[in-house]
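The structure under discussion appears below in the form of structure tokens.
The values are calculated or read from the model by the stated rules, or taken from the named source; none is laboratory data. Because the structure is predicted, anything quoted here is derived from the model rather than measured. When we count neighbours, we look across all protein chains shown, and the Cβ atoms used for this are built from the backbone with ideal geometry, even at glycine.
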Amino acid sequence: MWIYLNDRFVQDHEAVTSVFDHGFLYGDGVFETMRSYGPRLFMRDHHLARLFRSADAIGLRVPIPLARWTDILHAAMKRNGVGTDQRDAYLRVTISRGVGDIGLDPALCSSPTVVVMTKPLVPLASHLYEQGVAVMVASTKRNLPSALPPQIKTTNFLNNILAKREAIAANAFDSLLLNWEGHLTEGTTSNLFFIRNGRLSTPSLDCGLLNGITRQVVMQLAKELHLPIEEGHFTADELQQADECFLTNTSMEIMPVVAVDNKQIGDGVPGPLTRRLHTRFLEARDRFSEPLISS
């Protein structure tokens, strides 16, 4: 595998950084994950804009100008034989504070570390979309937004990891996190939607969650389908009374949820509006992908 490290491509066994990198020592960094449909990156500009916003929010200078990123991402796909008509690509961009002496002062690090990893995107098993998945409500609470703003996509993911460990222990597909007030926020790597009486509901951003890129796409598609949308503060009890439920993120798109805490949602199968939205998503994804780049 070829890795882009700082200013060049190297083989994965050469892609090393110092133990004094503050991303390793303190989780001081930001990241983005992207995918392609064939050679076209999905919502590329939105992902890059969020990367730069996250970096700016922690006072981290992205050392590569925005205008260069498209070429780097496509070069990474080409070198690794992904982002083709046969193999979609999964990409992760990580920018850490960089190497510096031990201590929390960002000024200890003179130059950020940049890493781009690219590999084939392995889709989830089709039966999960056909049958739906079961999730649980974690005992781990979502970080307070006043302590760690959720709009910063930081490499410090321990809050999510703790909730994921609960899901693994319970043999659930994922965990949903409640906030400090007991309101639903999001999954460990996904946004949450549910449907009641034909209305699409999703937790409001002020509950303390990341405004996912696919979340934004789904809300746009719902408006085009004239589905009423409600962003609000919801409890787990309200979710369990829903007719349908699903999770969204860039790699899995729209995943139906048919049970929460071992309680069936609706009829216990992916609902009609969930299926309709996913069909619409598949039909519209070219619209949300970058233009084809001629070689």
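For region 14-42, what are the residues that are farther than 21 Å from H74 by Cα and assigned to a helix (DSSP H, G or I)?
Residues of region 14-42 that are farther than 21 Å from H74 by Cα, as a first pass: 16-29.
The answer is H22, G23, F24, L25, Y26.
Here V135 passes the criteria (1) β-branched (V, I, T); (2) assigned to a loop (DSSP other than H, G, I, E, B); (3) not assigned by TED's automatic domain parsing to the domain that holds L41 except the one numbered (2). If you check E230, E181 for being surrounded by fewer than 19 Cβ atoms within 10 Å (Cβ to Cβ), in contact (Cβ under 8 Å) with a residue 12 or more places away in the chain, more than 23 Å from the chain's Cα centre (by Cα) and farther than 16 Å from G132 by Cα, only one passes: E181. Of all residue pairs spaced 6 or more apart or on separate chains, those with beta-carbon atoms under 9 Å, a first member in region 88-107 that is touching a residue at least 60 places away in the same chain (Cβ under 8 Å) and a second member that is exposed (fewer than 13 other Cβ atoms within 10 Å of the Cβ) and in a helix (DSSP H, G or I) are G100/A107. Scanning region 75-87 for residues that are out of contact with any Gly (no Cβ under 7 Å at 6 or more places or on another chain), in contact (Cβ under 8 Å) with a residue 12 or more places away in the chain and assigned to a helix (DSSP H, G or I) yields A75, A76, R79.
For (1) touching a strand residue (DSSP E or B) at 6+ places or on another chain (Cβ under 6 Å); (2) within 17 Å of V114 (Cβ to Cβ); (3) in the same structural domain as T189 (by TED's automatic domain parsing), each residue gets a yes or a no:
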residue: S18; (1), (2), (3): yes, yes, no
residue: L25; (1), (2), (3): no, no, no
residue: M34; (1), (2), (3): yes, yes, no
residue: R40; (1), (2), (3): yes, no, no
residue: D45; (1), (2), (3): no, no, no
residue: L51; (1), (2), (3): yes, yes, no
residue: S54; (1), (2), (3): yes, yes, no
residue: P63; (1), (2), (3): no, yes, no
residue: H74; (1), (2), (3): no, yes, no
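Of all residues in region 115-132, count the ones that are outside any loop (DSSP other than H, G, I, E, B) and more than 20 Å from C245 (Cα to Cα). Of the residues in region 115-132, 6 are outside any loop (DSSP other than H, G, I, E, B) and more than 20 Å from C245 (Cα to Cα). Contact annotation: residue pairs with Cβ atoms under 6 Å, 6 or more positions apart or on different chains, pairing a residue in region 17-31 that is within 16 Å of I58 (Cα to Cα) with a partner that is in a helix (DSSP H, G or I), are D28/H22; G29/G23; V30/S54; V30/A55. Within region 256-272, the set of residues being touching a residue at least 60 places away in the same chain (Cβ under 8 Å) and either farther than 21 Å from L176 by Cα or touching a His at 6+ places or on another chain (Cβ under 9 Å) (or both) comprises P256, P270. Among residues that are modelled with pLDDT of 95 or more, farther than 25 Å from L209 by Cα, over 18 Å from the mean Cα position of the chain (by Cα) and polar (S, T, N, Q), T279 is included.
If the condition is being outside any helix (DSSP H, G or I) and out of contact with any Leu (no Cβ under 8 Å at 6 or more places or on another chain), then region 271-290 contributes only G271. In this entry, A167 passes the filter for residues that are farther than 30 Å from R79 by Cα and of a type outside the set (F, W, Y). Against the conditions (1) within 29 Å of A236 (Cβ to Cβ); (2) surrounded by fewer than 17 Cβ atoms within 10 Å (Cβ to Cβ); (3) touching a residue at least 40 places away in the same chain (Cβ under 8 Å), A284 satisfies every one except (1). Restricting the search to region 7-33, which residues are surrounded by fewer than 15 Cβ atoms within 10 Å (Cβ to Cβ) and under 23 Å from the mean Cα position of the chain (by Cα)? Correct list: G27 only.
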